[in-house]
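The values are calculated or read from the model by the stated rules, or taken from the named source; none is laboratory data. Please read these numbers as outputs of a predicted model, since none were measured by experiment. Heavy atoms of the whole protein, side chains included, go into the accessibility calculation; ligands, DNA and RNA do not. Shrake-Rupley method; radii C 1.70, N 1.55, O 1.52, S 1.80 Å.
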Amino acid sequence: MRRTYVLKLALAGMFIALDIVFSRFLYAYLPPGFHEVRVSPQFLAYALAGWILGPVWAIGCAVAGDVLGMLINSAGLPILPGYMLSAALTGLVYAVCLYRRPVSAWRCLLAVAVSTLVISLCLGSLWAVLYYTQDHTTAMWLTKLLAALPWRLMCIPIYAVGVFLVQRGLSRERIPERFGFAR
């Protein structure tokens, strides 16, 4: 029992580090010049934490990654509770869809679609309106949402393929079993 906890703690630290590197240093804004849609491989850290560690640990990794990432490289922005909630929900979505389930392209697509459309698009647009604009109306939220929608829709298959390929590759090498996490 103690060995499993130590392994989970070590893996959680690795996923938090991946989250910070992916979200704070390996990102791009789409389309160039607009600060509407930020893309990064951060989804892989969330997906792996949810798949291997489960819901509670995935939520903890996501929140810790968000807070520590802001402390390391905030780009002058404050820590915002809305974005922290979005990170926690994203970790939860990936865990619910992937934890202790067989590797499946459909599960990966479902996890990415819910995470992208509900959390990144809807909640992300809401947080952008609440934190960064003076106009806190539904019309402004819809404007932000519709501006990001085409880009988010294009990201879904790319992210889903990425999660599936990483998950399948780790499964083929039996990585979760080597760490003592039975599938």
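The Cα atoms of region 1-95 define a convex hull whose projected area, averaged across directions, is 6.1 nm².
In degrees, nearest 10, range 0 to 90: what is the angle between the Cα axis of helix 105-114 and the longest Cα principal axis of the chain? Relative to the chain, helix 105-114 is tipped by roughly 40 degrees.
Rolling a 1.4 angstrom probe over region 86-175 with all protein chains present gives an accessible area of which 70% lies on carbon and sulfur atoms.
Per residue, the accessible area of region 95-183 comes to 58 Å², computed with a 1.4 Å probe over protein heavy atoms only. Contact order for region 30-183, expressed relative to its length and based on alpha carbon pairs under 8 Å spaced 6+ residues apart, stands at 26 percent. Rolling a 1.4 Å probe across all protein chains gives residue 149 an accessible area of roughly 50 Å². The sum of -39500 (n - 2.57) across all DSSP H runs of n ≥ 4, divided by the residue count of the chain, sets its helix-only mean residue ellipticity at 222 nm to -23500 deg cm²/dmol.
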